[in-house]
1. Taking every DSSP beta bridge that has both residues in the chain, what percent is antiparallel when rounded to the nearest 5?
2. So what's the angle, to the nearest 10 degrees on a 0 to 90 scale, between helix 2-79 and the longest Cα principal axis of the chain?
3. Ignoring ligands, DNA and RNA, what percent of the accessible area of the chain is carbon or sulfur (1.4 Å)?
4. Can you return the lysines within cross-link range of LYS53? Criterion is Cα-Cα under 24 Å, with same-chain partners fewer than 8 residues away left out.
5. Give, in nm to one decimal, the length gained when the segment between ALA137 and ARG28 is fully stretched (0.36 nm per residue of separation minus the Cα-Cα distance).
6. Working with all protein chains in place, sort VAL15, VAL68 by solvent-accessible area computed with a 1.4 Å probe, largest first.
7. Distances over 22 Å make up what percent of all Cα-Cα pairs in the chain?
8. With N residues in region 86-128, what two-decimal value do you get for its Cα radius of gyration over 2.2 N^0.38 Å?
Amino acid sequence: EELQKANQELTEFRVKVRQLEKEREEMREILSRRQNDFENYRKRIERDKTETKRGLVGDLASRMLPVVDNLNRAVDSVNELPGDKSSDFQHFLDGIVLVSRQLNEVLAEMGVEPILAVGEPFDPHLHEAVATEKNEALAPNTVTAEFLRGYRLGEKVIRHAMVQVSAGGSVNSGSEKNAESEEVLPDFEIERF
């Protein structure tokens, strides 16, 4: 009878051990799922944080670009003035150049880079063609002039470069359209951000 009782207890213990092993395995699965869920959550939060930061930087940069443009125009226009400039004026100009340089450095530190244009093949994802010119020295669809510098943040274009593009045939401006200009610049759907 004691042997039978011991066997019964042993059987009960085995059942309890199996039950505990099953519960332990279920707990491991739950823990593993929760760890995976937490890791996915952490990655999603990090990705959202990065995208939010990039969006804020892009917005700030797009607001600062007209200031950069105007500073560059001011410096360029002064450099084109004939004659000698007074020392006071030269000091003022040097200050403007320094401010412009610092602003460009800040943009670069933020990850904002100018888009290469002149001499590059026309890319509708980076450039906006506003004029064409006959230029036999260059291959068709080559950017020949930049009217407004474009910028990007990583792969995202903040502002497309406004450019002039070489054409193989006749001269066309941005407002004129004919069959030749449509051949040189095929219709592209440019995605704006």
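1. In the chain, approximately 60 percent of DSSP beta bridges are antiparallel ones.
2. 10
3. Whole-percent figure for carbon plus sulfur exposure: 52.
4. LYS43, LYS156
5. 32.2 nm
6. VAL15, VAL68
7. 68
8. Working it through for region 86-128, the quotient is 1.71.
The values are calculated or read from the model by the stated rules, or taken from the named source; none is laboratory data. Not measured: the values here are computed from a predicted model. Protein only, heavy atoms only, side chains kept; ligands, DNA and RNA dropped before computing areas. Shrake-Rupley method; radii C 1.70, N 1.55, O 1.52, S 1.80 Å.
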